[in-house]
Amino acid sequence: MKKIIRPLVGLIKRQFQQGAQPVPFVGTQPFMISKHRNIMALYDLVPEIGSQHFIASTATIIGDVELASQCVVWYGAILRGDLNGIRILNRVIIGERSVLHTASSLPNGMPAVLSIGNNVMVQNDCTLYSCTIGENCFIGYRSIILEGAKLEDGAVLAPGTVVPAGRLIPSNQLWAGNPAQYVRDVEEKDLNQLSYIIGNQFSMAREHDYEYLPYNSAYLQKENSPEDSNPELVATFRQYEDWEEGSVKL
């Protein structure tokens, strides 16, 4: 009997130590144990999160990270402020599985803080590394921005663009390719499209945030119940309520 129990106990211990792994039990379905924390302090570095934000349950924000108000961090995104800080202003969207991280220092002696201005869209699977992003910028899918690079206000990167270290992307220009090259100037319709995309992302984030209420949704069932929508039923239920209180005699 010991020969059977001892290996089983060892297996269970190993699964618990690994975390977020299915633990098989005889006669039951496997279940997942997750130790994920989407907002995590690192030593004395504590993330600071503004108001009216949405941080997805599988996103990760670590260390010296500052998010202003109305920011959205989608599923699987990682903001790692361990070697240096990350500063993000208002109305910024960080797409799914995008990674923002920092270097301890830059070769040119400039600050290695990663900063993002107001009204910026970072699409899915992007990598930003100790760079500076101005206001009203758009960063396409799977773009990579390396250390020391800077996007001025209104700059746009096409999907898959790679911005080399130290490169400057001038204001209101569209760049694409690996390495990034100038394509054309940004037009007014492009900026309008950016505003539309950001607004759409916020609407979607509100729908997702609505599913993560800190309390249950029983009140929704009450509001949508038949007695609240049918006047006759309302009168009937009130009669029974009065009867229970003893004010109505049958």
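The values are calculated or read from the model by the stated rules, or taken from the named source; none is laboratory data. It should be emphasised that the depicted structure is a prediction, and the values quoted were computed from it without experimental measurement. Cβ placement follows ideal geometry from the backbone for every residue including glycine, while neighbour counts extend to all protein chains displayed.
Numbers for the structure displayed
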{"quantity": "Test: residue in segment 52-63 that is farther than 24 Å from residue 211 by Cβ and among the aliphatic types (A, V, I, L, M)", "calculated": "yes"}
{"quantity": "Members of segment 112-135 found to be surrounded by fewer than 24 Cβ atoms within 10 Å (Cβ to Cβ), of a type in the set (S, T, N, Q) and touching a strand residue (DSSP E or B) at 6+ places or on another chain (Cβ under 7 Å), listed by number", "calculated": "115, 123, 127, 132"}
{"quantity": "In segment 41-51, the residues that are within 23 Å of residue 210 (Cα to Cα) and either part of a strand (DSSP E or B) or of a type in the set (D, E, K, R) (or both)", "calculated": "48, 49"}
{"quantity": "Condition check for residue 147: part of a loop (DSSP other than H, G, I, E, B) and at pLDDT below 95", "calculated": "yes"}
{"quantity": "Any chance residue 143 is in contact with a Leu (Cβ under 9 Å, 6 or more places away or on another chain), within 16 Å of residue 197 (Cβ to Cβ), of a type in the set (Gly, Ala, Ser) and surrounded by 19 or more Cβ atoms within 10 Å (Cβ to Cβ)", "calculated": "yes"}
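Okay, residues lined up against (1) in a loop (DSSP other than H, G, I, E, B); (2) at pLDDT below 85; (3) under 23 Å from residue 212 (Cα atoms):
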site	(1), (2), (3)
4	no, yes, no
21	yes, yes, no
28	yes, yes, no
81	no, no, no
84	no, no, no
